[in-house]
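Please read the structure below before turning to the comments.
FYI, it's all coordinate maths here, none of it is from the lab. For clarity, every value in this text was computed on a predicted model and none was experimentally measured. Glycine gets a Cβ as well: all are built from the backbone with ideal geometry, and neighbour counts include every protein chain shown.
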Amino acid sequence: MDNIINIDKNVEITTFTPAKRFVFISDLHFDCFYHDVLSSEKFKDDDAFLEREDTFIQFVKEHFSNDILILAGDYYTNYRQSLSFIKRLEESKITSYFVLGNHDFASNNGTKFNIIISLFDSETSSHKYCKLLMTGKKYYHEDVCIIGDTGWSKTSVNPIIVKGAVSLRPGKKAREANENSANSRFLL
């Protein structure tokens, strides 16, 4: 939105308030380090997890404080730790909307999916900054309607062709599509 600043009768300066951006982030995996993938060992140091969260929150505050985060799940492989992280985002006043990923349910100790969703809904329903996107719920942020879903889909079905799209770390089929055509292929 334009703001007009009158310095004197003859000089007028127009300033622009930058539009908010939507920043999409997924698969933070605070409890998984690169060497874990190679060794298949879980890193169990809660202090290291919190340090990684602190680093992430500080980075967001420094670089995206005027933006809206859309968090697409997989914060931890434990829903209780994921909930704790979401509460930290709220305490840090980071404007964000989130869904849970399949890894957030990994250590559910037999707790059913709908019970975990209900827990997140009840624990975050009073949040002002960090809101759960779930089936049947919508939020309005200024003139944008934000909706989400509490589930996820299998990733082994048909590819979607998107003209001119680029994947940062494309899989083999996406690389082939990038090399063989003007289209990029994303497998869903």
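Do any of Lys93/Lys137; Lys20/Lys137; Lys61/Lys87 go past 18 Å between their Cα atoms, and which?
Check vs 18 Å cut-off fails for Lys93/Lys137; Lys20/Lys137.
Long-range amide H contacts for Phe98: which residues qualify at under 5 Å (H placed 1.01 Å from N, peptide plane, sequence gap of 5 or more or a different chain)?
Amide H neighbours of Phe98, under 5 Å, 5+ apart: Leu71, Lys131, Leu132, Leu133.
Around Leu119, what is the net charge, scoring Lys/Arg as +1 and Asp/Glu as -1 over all other residues with Cβ under 14 Å from its Cβ?
Numbers: positive: Arg80, Lys87, Lys112; negative: Asp104, Asp121, Glu123.
Combined, the nearby Lys, Arg, Asp and Glu give 0.
For region 69-98, which trypsin sites (Lys or Arg not before Pro) are in a loop by DSSP, counting at most 13 other Cβ atoms within 10 Å?
On the way: sites: Arg80, Lys87, Arg88, Lys93; in loops: Lys93.
Loop-located and lightly packed - Lys93.
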